[in-house]
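Take a look at the structure below.
Every number in this text was worked out from the coordinates using simple rules, so none of it is lab data. Because the structure is predicted, anything quoted here is derived from the model rather than measured. Cβ: placed from backbone, ideal geometry, glycine included. Neighbour counts: every protein chain shown.
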Amino acid sequence: MGQTLLDALNVRLVGSGKKFLVLAHGFGTDQSAWQRILPYFLPNYKVILYDLVCAGSVNPDYFDFRRYTSLDAYVDDLLRILDALGVDRCAYVGHSVSAMIGILASIRRPRFFSKLILIGASPRFLNDPDYHGGFEQAEIEKVFSAMEANYEAWVSGFAPLAVGGDVPAAVREFSRTLFNMRPDITLFVSRTVFNSDLRGVLGLVRVPCCIIQTAKDVSVPASVATYLESHLGGRNTVEMLNIEGHLPHLSAPALLAQVLLRALSR
Amino acid sequence: MTGTSYATTINDLPDVILSTIISTISAVRSRNAAALVCRKWLLLERSTRTSLTLRGNARDLFMIPSCFRSVTHLDLSLLSPWGHPLLSSSATAADPSLVAHLLHQAFPAVTSLTIYARGPSTLQLLALHWPQLKQVKLVRWHQRPQLPSGSDFTPLFDNCQGLNSLDLSSFYCWTEDICPALESYPVISAKLTHLNLLNPSLSEGFKAHELGDVTRACPNLKEFLVACIFDPRYIGFVGDETLLSIVTNCPKLCVLHLADTAAMVSARSNTNGEGFSPEDARITIATLIEVFTGLPLLEELVLDLCNNVRESGPALEVLNSKCPKLRLLKLGHFHGICMPVESKLDGIALCQGLRSLSIRDVADLTDFGLIAIGRGCSRLTKFEVQGCNKITVKGLRTLTSLLHRTLVDVKIAFCKNLGATSSLKALEPIQHRIQQLHIDCVWASEEQFENLDGGEYNFDIYKLDDGCDLRRPANFMKFDGDGTDYDGSCPKKKKCKVSYDLNFSDIQVNGNGIGYANGSEQYGKTWDRLRYLSLWIPVGELLTPLAAAGLEDCPYLEEIWIKVEGDCRHLSKPSERDFGLSSLFLYPSLSKMHLDCGDTIGYAHTAPSGQMDLSLWERFYLIGIGVLSLTELDYWPPQDRDVNQRSLSLPAAGLLQECRMLRKLFIHGTAHEHFMMFLLRIPNLRDVQLREDYYPAPENDMSTEMRADSCSRFEDALNRRIFD
């Protein structure tokens with residue numbers, strides 16, 4: 001399965017350094033989201049890029065609805081890739097859901113990751129009485145109904161027409177890339193994302209983490225970054241970037257690259 | 001004789017005649033239909049087919065049919081996946097030399113080849129098998145590989161000694177690749193008669209000394225098209241000396257096309273308030289006259305500059321006598337081309353032989369100049385005017401009525417006083433004969449004409465002139481023996497009396513034949529012969545006012561080209577939900593569309609709050625497209641320049657899928673596989689391709705939309721469907 005997995009998820013190994021670095025994208029984009037960050041790391045790292053199984057560039061037949069019911073299956077994929085490449089230790093940069101995948105992977109393999117860099121991460125999106133995840137149930141429902149509308153249209157042979165811009169502003173930034181996936185996968189995956197709650201396992205992480213948060217991410221409040229910092233088990237730092245949006249690697253790659261370089265060197 | 005009488009059919013003709021008839025058919029679908037009639041017709045059709053474009057996946061090349069052995073022109077540039085490195089050993093599973101051999105077996109008679117040459121390896125094998133190639137067009141929108149200069153051409157020049165035509169207008173390379181290659185192969189260069197170096201992807205164009213080198217190497221050129229720079233602030237700009245050297249080196253030129261690279265990239269020009277560019281070109285009138293004198297065989301001349309050539313009238317006056325065969329003329333930034341004093345024709349108006357005239361950014365062209373052109377260039381079938389801000393609807397309308405016998409193709413673009421409504425008003429005199437048209441969709445509110453009815457739309461040309469009495473038909477509107485009079489009912493020698501009225505609704509022609517009837521009730525808004533319409537529209541504007549502007553009734557309009565241009569990063573959400581494509585429903589014959597949003601720039605994923613992502617813009621543009629019964633569509637998605645992304649979004653895929661009658665769809669950008677899969681629901685869709693024909697085309701590695709595997713899977717799924 002090793003070689004097939006590497007092909008199926010478009011795994012690429014580039015760069016001429018000694019240390020391994022994984023760049024993992026979030027839902028709705030694919031590894032090309034890193035294209036403007038990549039040049040900064042090629043001289044000093046062997047960079048591993050891959051596509052999540054739900055990315056648009058992956059054959060949709062590989063998306064097994066029975067398997068990818070929780071983030072654990074995605075963690076399986078990541079670890080299988082790293083095993084197939086013969087990696088025994090690496091640094092990891094994960095955006096959005098890939099940040100969560102990285103956290104889970106580091107719990108499973110405590111000595112595998114030298115550093116975790118988490119961009120736009122959140123252990124749980126829904127608000128609780130004593131936890132501010134950033135989203136109210138009603139807002140998330142709007143996202144779901146937009147996706148369900150797309151799904152029903154898709155199933156009936158009509159044009160899916162809802163896009164990331166149609167949902168409430170609070171959720172828009174986060175979910176706009178979700179609509180880039182196939183409607184059935186999108187609906188399925190968003191349920192996975194909004195149902196996941198990793199607060200309980202954060203303490204099991206021993207790897208040093210750098211939490212990167214954009215100051216103007218409407219979707220992920222600044223308090224989530226501090227929550228992560230205080231609850232992740234290892235030595236943690238927070239970097240707040242004074243840029244807008246949920247996709248700093250697309251909107252401000254040069255700035256983000258500098259922050260990443262600094263974080264990786266520590 | 002009972003019942004069964006056999007009528008004589010076309011099949012009873014002798015084979016030789018039948019073969020000749022079939023060989024004249026050029027439309028591919030008609031040929032395919034003819035080939036299905038019976039075995040005899042199949043053989044005749046196959047043996048007379050001389051031109052073939054291969055579509056299909058490159059990995060399936062071993063399945064090429066061998067029945068097309070008469071093909072002399074072969075186009076291999078559209079094989080899937082687009083930009084595939086054909087015949088390179090890494091790309092295919094099959095041995096490349098075997099595939100090359102198969103191609104030669106299937107098409108032994110090829111003399112003209114169009115091919116996507118990602119690198120020299122493609123041609124290395126093919127040129128060996130086709131040494132008799134005479135015309136070659138190379139296509140490459142991907143990056144130039146890191147190889148010594150000129151390597152792209154070595155296999156071709158080594159093997160094809162009979163080469164006489166080379167077209168690099170879609171081939172990205174460096175200017176330094178070409179001159180040395182031509183100079184190293186003097187036998188080939190001396191034989192070249194057609195050389196096309198008009199490539200928009202060259203950022204700087206050819207320098208003056210390179211032009212000199214190329215023309216010196218190829219003295220027998222008859223057709224030379226090249227992108228260069230005329231701006232004197234750049235090193236290697238083209239000026240007097242260069243022009244003269246071109247003429248001295250290649251006296252046999254009948255097509256000369258020199259375009260400034262800036263003109264090729266963007267339509268709008270950088271002019272000051274008066275309409276002049278900041279710098280003048282270093283081209284004098286005396287040089288121009290020498291150029292014209294040195295090229296007596298000239299039939300087509302294009303000097304598309306972005307720098308001023310002032311007071312060029314006197315040079316153009318001699319054009320007619322020095323280049324009597326000149327039929328097509330295109331000039332950019334030539335000022336003073338027509339400054340008539342009273343009724344005396346001057347400048348370009350003296351070029352009576354012209355059939356096609358295209359003028360751009362002539363700062364001082366006025367209505368009087370237009371009228372003089374209309375009177376003097378009396379055989380024009382095609383007229384294009386762009387960026388001339390002093391002309392108005394009056395002058396243009398007089399021009400079209402003067403040319404109403406011949407004019408069938410008009411383009412009006414970026415002229416301040418000629419938005420959509422005025423342009424259409426100006427075209428009323430040829431409303432019943434115009435076949436091709438371009439206008440800008442500028443719905444200016446100043447175009448509410450106060451004097452709309454019964455007002456002055458034409459100049460009273462009798463008043464223009466004191467001396468010559470234009471009412472005397474002998475001086476005017478001579479119909480000579482050209483036979484260009486389409487109506488034919490006005491016999492050659494007879495002179496028809498023409499009179500012009502001030503009321504816009506009347507153009508009366510007395511005498512036999514051509515009669516627009518008197519009275520405005522006959523003058524409905526029907527564009528009887530309009531087949532092709534091209535529109536330019538700034539981003540954010542709606543299309544819906546088009547019919548009201550004057551294009552309500554176009555019964556035979558079959559093809560439309562819409563270009564949307566602008567930066568939507570500065571715009572807020574449009575007021576309407578849809579752009580208005582569905583309003584084109586009122587053209588019943590519309591079947592082909594090119595929707596070009598490629599020069600619309602925006603944010604793919606990173607729109608700041610308050611602005612729209614490109615997915616929303618695509619939805620805005622494409623809503624309603626399913627209502628039209630399009631059979632062919634070319635679509636250029638908007639682009640996010642920051643990430644070099646021109647990609648189909650979800651709503652775009654969904655909306656394109658609504659075009660149920662579509663047979664051919666070409667998307668000039670990238671798309672995710674699962675979006676392409678939406679398109680499989682279109683029942684008769686047969687030919688789909690993602691053509692990234694812009695520079696730089698995305699290398700497959702980094703752009704993960706539509707990798708080669710995705711492309712193959714999609715095409716397999718497309719071809720697996722069974723058609724009724």
Original post:
Can you give the helix-only mean residue ellipticity at 222 nm for chain B, where every DSSP H stretch with n ≥ 4 adds -39500 (n - 2.57) and the sum goes over all residues, rounded to the nearest 500 deg cm²/dmol?
Top reply: -7000 deg cm²/dmol
Subject >> Label-point gap, in nm, between residue A:88 and residue B:695 - each point 7 angstrom along Cα→Cβ >> reply: 5.0
Original post:
Which residues in region B:645-672 have a backbone N closer than 14 Å to a point placed 7 Å from the Cα of residue B:32 along the Cα-to-Cβ line?
Top reply: B:662-665
Original post:
What is the local net charge at residue B:620, summed over the other residues whose Cβ is closer than 14 Å to its Cβ (Lys, Arg +1; Asp, Glu -1)?
Top reply: -3
Original post:
Once amide H atoms are placed 1.01 Å from N in the peptide plane, what residues at a sequence separation of 5 or more from residue A:117, or on another chain, have their amide H within under 5 Å of its amide H?
Top reply: A:92, A:93, A:94, A:210
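For the protein assembly as shown, which semi-axes, largest first and in whole Å, follow from the square roots of 5 times the eigenvalues of its Cα gyration tensor?
Semi-axes from the Cα gyration tensor: 56, 34, 31 Å.
From the Cα gyration tensor of region B:246-346, with a ≥ b ≥ c the square roots of its eigenvalues, which class applies: rounded if a/c is under 1.5, or else prolate if a/b is larger than b/c, or else oblate?
In terms of gyration-tensor shape, oblate.
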Subject >> Residue-averaged [θ]222 nm for chain A, counting only DSSP H segments that reach four residues, each worth -39500 (n - 2.57) >> reply: -11500 deg cm²/dmol
Original post:
Which one of B:649, B:638, B:722 is farthest out on the positive end of the charge dipole of region B:602-724, using unit charges on Cβ (Lys, Arg +1; Asp, Glu -1) and the Cα centre as origin?
Top reply: B:722
Original post:
Using alpha-carbon positions, what is the distance between the centroids of region A:1-73 and region A:215-266, in Å?
Top reply: 21
Original post:
Tell me, A:262, B:707 in order of fewest to most beta-carbon neighbours within 10 Å?
Top reply: A:262, B:707
**OP:** Find the relative contact order for region A:57-204 and round it to a whole percent, using C-alpha pairs within less than 8 Å whose residues are 6+ positions apart.
**Re:** 21
Original post:
Over region B:553-687, what lengths in whole Å, largest first, do the semi-axes of the equivalent ellipsoid take, defined as the square roots of 5 times the eigenvalues of the alpha-carbon gyration tensor?
Top reply: 25, 18, 12
Original post:
Quick one: of the DSSP bridges fully inside the protein assembly as shown, what percent are antiparallel, nearest 5?
Top reply: 10
Original post:
In the structure displayed, which of B:382/B:573; B:222/B:382; B:322/B:382; A:46/A:142; B:222/B:592 lie more than 30 Å apart, Cα to Cα?
Top reply: B:382/B:573; A:46/A:142; B:222/B:592
**OP:** Pull out a ≥ b ≥ c, the square roots of the eigenvalues of the alpha-carbon gyration tensor of region B:131-261, then state rounded if a/c is under 1.5, prolate if not and a/b is larger than b/c, and oblate in the remaining case.
**Re:** oblate
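Using Cβ contacts closer than 10 Å as the measure, can you line up B:532, A:227 from fewest to most?
B:532, A:227
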Original post:
Which order do B:52, B:662 fall in if you start with the one that has the fewest other Cβ atoms within 10 Å?
Top reply: B:52, B:662
Original post:
What length, rounded to one decimal in nm, is gained on full extension from residue B:235 through to residue B:585, with 0.36 nm per residue of separation minus their alpha-carbon distance?
Top reply: 120.8 nm
Subject >> Pairs of alpha carbons in region B:62-184 whose separation is greater than 25 Å (percent) >> reply: 18
Subject >> Relative contact order computed over chain A (Cα-Cα under 8 Å; 6+ residues apart), in percent >> reply: 19
Original post:
Can you give the FRET efficiency for residue B:573 and residue A:195, using 1/(1 + (r/R0)^6), R0 = 41 Å, r = Cβ-Cβ distance, to the nearest 0.05?
Top reply: 0.80
Original post:
Spin-label point model (7 Å from Cα, Cβ direction): what's the residue B:526 to residue B:17 distance in nm?
Top reply: 3.8
Original post:
How much of the DSSP beta bridge set in chain A is antiparallel, as a percent to the nearest 5?
Top reply: 10
Original post:
How much length is gained on full extension from residue B:6 to residue B:719, taking 0.36 nm per residue of separation minus their Cα-Cα distance?
Top reply: 252.6 nm
Original post:
Which parts of region B:613-633 would a label at residue B:661 reach, counting a residue when its backbone N lies under 14 Å from a point 7 Å out along Cα-to-Cβ?
Top reply: B:625-633
**OP:** Compute the distance in nm between two label points, each set 7 Å from the Cα along the Cα-to-Cβ direction, one at residue B:25 and one at residue A:108.
**Re:** 6.2
**OP:** Give the Rg/Rh ratio for region B:313-405, taking Rg as the radius of gyration of the Cα atoms and Rh as the Kirkwood radius, to two decimals.
**Re:** 0.92
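Run the dipole for chain B about the Cα centre, Lys and Arg Cβ at +1, Asp and Glu Cβ at -1, nothing else charged, and hand back the magnitude in debye, nearest 20.
My answer is approximately 2240 debye.
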**OP:** Based solely on C-alpha atoms, express the radius of gyration and the Dmax of chain B in angstrom.
**Re:** 27.4, 89
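Just subtract the alpha-carbon distance of residue B:341 and residue B:265 from 0.36 nm times their residue separation and send over the number in nm, one decimal.
This chain segment gains 23.7 nm when fully extended.
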**OP:** Give the residue from B:179, B:229, B:96 lying farthest towards the positive end of the charge dipole for the protein assembly as shown; charges sit on Cβ (+1 for Lys and Arg, -1 for Asp and Glu) and the dipole is referred to the Cα centre.
**Re:** B:96
Original post:
If you take the beta carbon distance between residue B:146 and residue B:297 as r and set R0 to 51 Å, what does 1/(1 + (r/R0)^6) give as a FRET efficiency, to the nearest 0.05?
Top reply: 0.75
